[in-house]
Structure formats: C-alpha cells, structure tokens
Amino acid sequence: MSARVILGVSGASGAILALECARILARLDVAIDLTLSPMAERTLLLEIGPEAQAELEALVTHIHPIRDLGASIASGSYPVAGMIVAPCSMRSLAAIAHGLDDNLLTRAAGVQLKERRPLILLAREAPLTLAHLRNMTAATEMGGTILPPVPAFYLNPQTTLDIARQIAARAVDLLRLAPPQATAWATPDPDTSR
C-alpha cells in the first residue's frame, strides 16, 4: 500500500459517495481507515440496500467505531495522507468547524486540520442557511476543502452512478495521491458544437 487515507461517513444523503470514494481508493491500492456514524449506516441501507455497508467495509483496511476516541486515527502521530468525509452532514460540518471533536469522525477531521493535512468535506445540504455557510467558511479558513457534490453537467452524465463516480474521483484527486481519476473538462471542437 502506497498511502493511507481516512474515510469518514456521516448520515447525510449521498451514501453512494462514500462507496465510490472507497472503490477508487482501493483501486489505487490506498489503505483506508473507515469510521461511520449510526445515521451513515442507516443511510447506506436506505439509499443503496442491505449489502451496502458490507461492501463498503470489505473495501477498507481498518474499521474504527465512531465512539472510540482512543483509536489510532484520533492521533496526529498516526501517519495518513488526509481525510475525506463523504457525505458530510451539516451536523458533522458544524462540529468540525467549531472543533468539538465529539466523536471519532469529527476528532479525526480536527486532527487533519491541526496537522495541516488535506481534509475534503463533501458537504451535503440544500438550500444552505447562514449557519451552514459560516461553518463552511470556518472549515475553509482552517485549511479544509468544501466539495459540495455538484454534478459535472458538462460531462453529460447518463446515470446517478456516473455523477457519484465523478464527484468521488474529484474528492480523491484533491488528496493528490495519484494521477487524476476524474474525467477532465475538454474544450469541444468548434466545428462539432454548432
């Protein structure tokens, strides 16, 4: 394994994003430390099906219970290349933005910020309140990257899975562990765009 990444999964809608991030990281031979909230488990079941959590867990190297604040990923001395929170609920965003460290997901995210490592937050909510926007600003000011799961419409995705794969690839690309995984924008040939 060439690198290690933490994947945090919170209870926001968009559970497929976690699964797609894990698939890409596993394909890149990256070790994955997983922690997921109880609502993430519920969302995986509701949005994908009864096999989703087992598939996700099969892709990762270590699974850490969300209440285990003594886990390795709660320490800055544990060497990782960064962390992706996919999806990132507004509750998790708020806890990260305010340094609450009240569970392993938010503690591990806080560790990435204090160690100046990449923290990619796939913040999932719409519309956004002023509290959401301020929390996004606070997380960004501390060094996090807010990556709302917005479709790349210019790629003409045909399915929601196409959309999720592109967003997950962008999240992984922001860790800069491998050559780009996301499909890049290409300027259309002027003769064919008429």
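If I ask for residues that are in a helix (DSSP H, G or I), within 10 Å of the chain's Cα centre (by Cα) and not small (Gly, Ala, Ser), which ones from region 1-18 would you list?
Passing the criteria: only LEU17.
Being more than 22 Å from VAL111 (Cα to Cα) and either acidic (Asp, Glu) or in contact with a Gly (Cβ under 7 Å, 6 or more places away or on another chain) (or both) is the filter; apply it to region 129-171 and report the residue that is surrounded by the most Cβ atoms within 10 Å (Cβ to Cβ).
The extreme case among them is PRO149.
For region 36-85: of the residues being part of a loop (DSSP other than H, G, I, E, B) and hydrophobic (A, V, I, L, M, F, W, C), which is most open to solvent (accessible area, probe 1.4 Å)?
Selected residue: LEU69.
Go through the residues of region 113-126 one by one and say whether even a single one is in contact with a Pro (Cβ under 6 Å, 6 or more places away or on another chain), in contact (Cβ under 8 Å) with a residue 12 or more places away in the chain and open to solvent by 40 Å² or more (accessible area, probe 1.4 Å).
Yes, that holds for at least one residue.
List pairs: first in region 43-71 and among the acidic types (Asp, Glu), second in a helix (DSSP H, G or I), Cβ under 8 Å, 6+ apart or cross-chain?
GLU47/ALA15; GLU47/ILE16; GLU55/LEU19; ASP68/ALA74; ASP68/LEU104
The values are calculated or read from the model by the stated rules, or taken from the named source; none is laboratory data. Since the structure is predicted, the reported quantities are computational estimates derived from the model, not experimental observations. Cβ sites come from the backbone with ideal geometry, for glycine too, and all protein chains shown count toward neighbours. We work out accessible area using only protein heavy atoms, side chains counted, and drop any ligands, DNA or RNA first. Shrake-Rupley method; radii C 1.70, N 1.55, O 1.52, S 1.80 Å.
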